[in-house]
Ligand code: NAP
């Protein structure tokens with residue numbers, strides 16, 4: 001497939017674009033392309049927000065359990081690291097906010113920028129490419145009926161943190177306590193006085209173990225297969241253990257032969273990139289990595305460059321990167337950015353993989369992702385955001401200095417210089433939703 005400009009002159013109106021998912025990636029892509037394309041946003045829930053759509057009162061996700069959200073979740077990075085250049089947080093925002101404030105930020109963005117049509121309660125079932133027409137047939141389920149429509153481009157924005165990676169551990173069927181995936185963790189209060197084990201060595205294990213500790217669990221241990229400790233000064237009852245080897249009743253055995261008793265095991269083992277609604281030849285298959293497989297510029301599907309996947313990389317930059325990806329999609333769809341040959345795109349991906357292989361610490365990863373964002377900004381003539389990487393590098397140090405206090409720090413907005421206000425309560429004292 002060569003340049004896409006032909007399509008636009010063939011079409012009397014704007015190109016029709018289907019955006020699948022109304023979480024942050026879907027919202028920012030839609031906002032970015034809304035003047036260029038006729039956008040329809042399909043969302044299986046009844047509200048926008050993706051992960052951020054969650055009912056604190058009901059302690060369940062609004063429609064179904066596709067959100068991995070939990071009550072009293074504070075963002076784990078400062079807002080100044082993801083604030084958009086064209087959409088600022090309110091003047092009085094603290095640097096670390098809770099879920100409802102993020103939700104409001106997304107809603108305000110929609111009100112300001114999104115011109116598409118939202119189709120809520122619509123679950124996309126099947127996306128197929130019509131090679132002769134150079135377009136897509138998209139089928140969805142709505143009120144028990146299957147409907148379909150033709151689109152010129154498809155943006156998959158369903159995220160990659162909602163389908164649990166659920167590895168099996170020896171003896172897990174004998175466990176006598178509560179055994180869940182982080183996806184189903186909802187409320188730290190439920191773990192008061194209990195003995196908790198989190199499996200995994202990343203953000204969810206870190207945050208959920210700390211939540212359990214904050215709400216008064218007897219102890220919250222973290223078992224992982226990292227070769228080095230996570231590098232934080234944990235509170236006394238949060239302890240890192242080697243990876244578990246066996247579960248027997250309530251007893252867990254670890255690789256060093258030690259054992260411990262638990263009431264709860266939470267698998268914080270991450271999530272899968274899962275797109276069952278995309279036909280096989282359009283389906284992205286990748287693990288969670290800095291440079292996702294199969295894509296040009298980390299968001300355009302090489303096998304069919306009319307398909308985009310938004311926000312599929314392991315992320316340091318989030319919302320400001322998602323919007324830049326949207327700008328890139330806008331300019332590809334408008335024919336302003338030509339699509340290279342498949343061979344060229346693959347070569348470019350190989351070069352990115354080679355660079356990814358050299359990233360042996362977090363600061364390098366942050367800088368790498370910043371350069372990627374700036375490349376998108378250069379291609380589209382939009383604002384560069386790599387400066388937000390400096391905030392992320394400081395944030396990393398704050399975490400190392402105080403894993404229970406880093407969320408009380410204040411940053412300056414990269415765009416306005418506004419200093420984040422102080423939260424009324426410190427993170428450690430806050431147990432309100
Ligand atoms: P993740 O970063 O992908 O980490 C998954 C972890 O599971 C890794 O440590 C991995 O270990 C481990 N794992 C996978 N399979 C395993 C197995 N068979 N045995 C042992 N360990 C295994 O996923 P995540 O921690 O759920 O984080 C996902 C996203 O959610 C992140 O973007 C994070 O920022 C976000 N999050 C945000 C908040 C917040 O805002 N407060 C809280 C939690 C999460 P290996 O590295 O060894 O494979």
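Read the figures in this text as sums done on the coordinates, not as results from a lab. Nothing here was measured: the structure is a model prediction, and the numbers come from that model. As a convention, Cβ positions derive from the backbone with ideal geometry for all residues, glycine included, and neighbour counts pool all protein chains shown.
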Query raised in the report: Cα axis of helix 342-356 to longest principal axis of the chain: angle in degrees, 0 to 90, nearest 10?
Result: 20 degrees
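Let me check I have the definition right: for the stretch 137-296, take the eigenvalues of the Cα gyration tensor, multiply each by 5, take square roots. What are those semi-axes in whole Å, largest first?
Details: eigenvalues 270, 63, 46 Å².
So the three semi-axes of the stretch 137-296 are 37, 18, 15 Å.
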Query raised in the report: Given 0.36 nm per residue, what is the gain on full extension from residue 251 to residue 142 after removing their alpha carbon distance, in nm?
Result: 34.6 nm
Report summary line: With label points set 7 Å from each Cα along the Cα-to-Cβ direction at residue 350 and residue 104, the distance between them in nm comes to 5.1 nm
Report task. May I ask you to derive the relative contact order of the chain, considering only C-alpha pairs under 8 Å and at least 6 residues apart, and to give it as an integer percent? Result -> 20 percent
Query raised in the report: Compactness ratio of the stretch 244-352: Cα Rg over 2.2 N^0.38 Å, N = residue count?
Result: 1.54
Query raised in the report: Binned at 5 Å from 0, what are the whole-percent values of the Cα-Cα distance distribution for the stretch 173-267, short to long?
Result: 3, 15, 29, 27, 20, 7, 1
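With both partners inside the chain, how many of the DSSP beta bridges are antiparallel, as a percent to the nearest 5? Could the numbers behind the result be given before it?
On the way: 30 of 64 bridges.
So the antiparallel bridges in the chain amount to around 45 percent.
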Report task. Starting from one equal scatterer on each C-alpha and no solvent at all, send me the Debye-based log10 I(q)/I(0) for the chain at q = 0.07, 0.12 Å⁻¹, two decimals. Result -> -0.35, -1.05
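For the stretch 173-267, give me the percentage of DSSP beta bridges that are antiparallel, rounded to the nearest 5 percent. List each step's numbers first, then the result.
Working: 7 of 24 bridges.
DSSP beta bridges in the stretch 173-267 are roughly 30 percent antiparallel.
For the stretch 323-363, take the convex hull of the Cα atoms, compute a quarter of its surface area, and give me that in nm², please.
Working: hull surface 16.0 nm².
With the hull built on Cα positions only, its mean projection is 4.0 nm².
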Query raised in the report: In nm, to one decimal, how far is the residue 120 label point from the residue 92 one, both placed 7 Å along Cα→Cβ?
Result: 2.8 nm
**Report entry** Cα gyration tensor category, rounded, prolate or oblate, for the stretch 15-132 with a/c compared to 1.5
**Finding:** oblate
Query raised in the report: How far, in degrees from 0 to 90, does helix 319-333 lean away from the longest principal axis of the Cα atoms of the chain, to the nearest 10?
Result: 20 degrees
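If you stretched the chain out fully between residue 236 and residue 416, how much longer would it get, using 0.36 nm times the residue separation minus the C-alpha to C-alpha distance? All intermediate terms of the calculation are to be shown ahead of the outcome.
On the way: separation 180, 0.36 × 180 = 64.80 nm, distance 3.95 nm.
In short, 60.8 nm is gained.
Does the stretch 86-214 classify as rounded, prolate or oblate by the C-alpha gyration tensor (a ≥ b ≥ c root eigenvalues; a/c under 1.5 gives rounded; else a/b over b/c gives prolate, otherwise oblate)?
On the way: a/c = 2.82, a/b = 1.43, b/c = 1.97.
Cα axes put the stretch 86-214 in the oblate bin.
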Query raised in the report: Which FRET efficiency value, to the nearest 0.05, do you get for residue 336 and residue 178 by plugging their Cβ-Cβ distance into 1/(1 + (r/R0)^6) with R0 = 51 Å?
Result: 0.45
Requested in this report: Please check which bits of the stretch 284-312 a label hung off residue 364 would reach, taking the label as a point 7 Å along Cα-to-C-beta and the cut-off as backbone N under 16 Å.
Outcome: 290-291
Report task. Would you mind classifying the stretch 332-400 by shape? Square roots of the alpha carbon gyration tensor eigenvalues, ordered a ≥ b ≥ c; an a/c under 1.5 is rounded, otherwise it is prolate if a/b is larger than b/c and oblate if not. Result -> oblate
